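First up is the structure itself, then whatever we jot down about it.
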Amino acid sequence: MIRKVAVLGHPILRKKAKPVDPGQIKSESFQALLSDMVDTMYEYDGRGLAAPQIHESLQVFVALLDFDESVKNNNGILFLINPQVEVLTTKTSSYWEGCLSLPGLRGLVERPNKISVKALNHKNEKLDFIAEGFLATVIQHEWDHLNGILYIDRMKDLKNLSFSREFERYHQGEQTQVLAIGGKDSFCSD
Ligand code: ZN
């Protein structure tokens, strides 16, 4: 079922999400939530979606990882529940990020480019892996949602905030790497 997406200004986007009870992961209602998250992510042509974005203040997000062969499973969908993220390097990567909760915008964000991730998946199995580069940025963007943080909070210079059309017109050429977490109107095809 496609859900309504909360956009910038809605208080739920600024709340710390509650941990999921692992005993509930296999329940019908929680599986239905995961399925709604996937449906909503596809409907808005996003690459990731955190539960608070569909008005559920729970520590879970989905990410579509069709760009990363190493984690391709479940049709390229990664479910991360109660994730713990640890930064492993001082090196950073910068990507133009978009977000379904900030439709029509893109911003350049610098983030650590290597992290370790511990979480549960949709089958209540333990995941423990290292993510680098683009994948590390996607996971940090979604993880931030669970802590009430949006990508604009991470921007060093708001001069690098742009409407999608202007981004495509004036900035896309400068950057080869574009993070298409955002929706159709902020998705940048290359
Ligand atoms: Zn987002």
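The values are calculated or read from the model by the stated rules, or taken from the named source; none is laboratory data. Computed from a prediction, not measured in an experiment: that's the story for all the values here. So basically every Cβ, Gly included, is an ideal-geometry build from the backbone, and we count neighbours across all protein chains shown. Note: areas computed on protein heavy atoms with side chains; ligands, DNA, RNA excluded. Shrake-Rupley method; radii C 1.70, N 1.55, O 1.52, S 1.80 Å.
Filtering the stretch 100-120 to residues that are in a strand (DSSP E or B), surrounded by 15 or more Cβ atoms within 10 Å (Cβ to Cβ) and more than 16 Å from the ligand (Cβ to nearest atom) leaves Glu110, Pro112, Lys114, Ile115, Val117, Ala119, Leu120.
Does Glu125 satisfy being more than 11 Å from the ligand (Cβ to nearest atom), within 28 Å of Gly9 (Cβ to Cβ) and surrounded by fewer than 20 Cβ atoms within 10 Å (Cβ to Cβ)? So Glu125 fails the test. Please enumerate the residues belonging to the stretch 137-157 that are in contact (Cβ under 8 Å) with a residue 24 or more places away in the chain, among the aliphatic types (A, V, I, L, M) and surrounded by fewer than 22 Cβ atoms within 10 Å (Cβ to Cβ). Answer for the stretch 137-157, where residues must be in contact (Cβ under 8 Å) with a residue 24 or more places away in the chain, among the aliphatic types (A, V, I, L, M) and surrounded by fewer than 22 Cβ atoms within 10 Å (Cβ to Cβ): Leu150, Ile152, Met155. Could you look through the stretch 79-99, keep only residues that are exposed (fewer than 15 other Cβ atoms within 10 Å of the Cβ) and of a type in the set (D, E, K, R), and pick out the one that is nearest to Leu64 (Cα to Cα)? The extreme case among them is Glu86.
Tell me, yes or no, whether the stretch 31-45 has at least one residue that is part of a loop (DSSP other than H, G, I, E, B) and not hydroxyl-bearing (Ser, Thr, Tyr). Checked the stretch 31-45: at least one residue is part of a loop (DSSP other than H, G, I, E, B) and not hydroxyl-bearing (Ser, Thr, Tyr).
The residue that is most open to solvent (accessible area, probe 1.4 Å), counting only those in the stretch 39-61 that are modelled with pLDDT of 95 or more and among the aliphatic types (A, V, I, L, M), is Leu58.
Scanning the stretch 122-149 for residues that are modelled with pLDDT of 95 or more and in contact with an Asp or Glu (Cβ under 7 Å, 6 or more places away or on another chain) yields one hit, His141.
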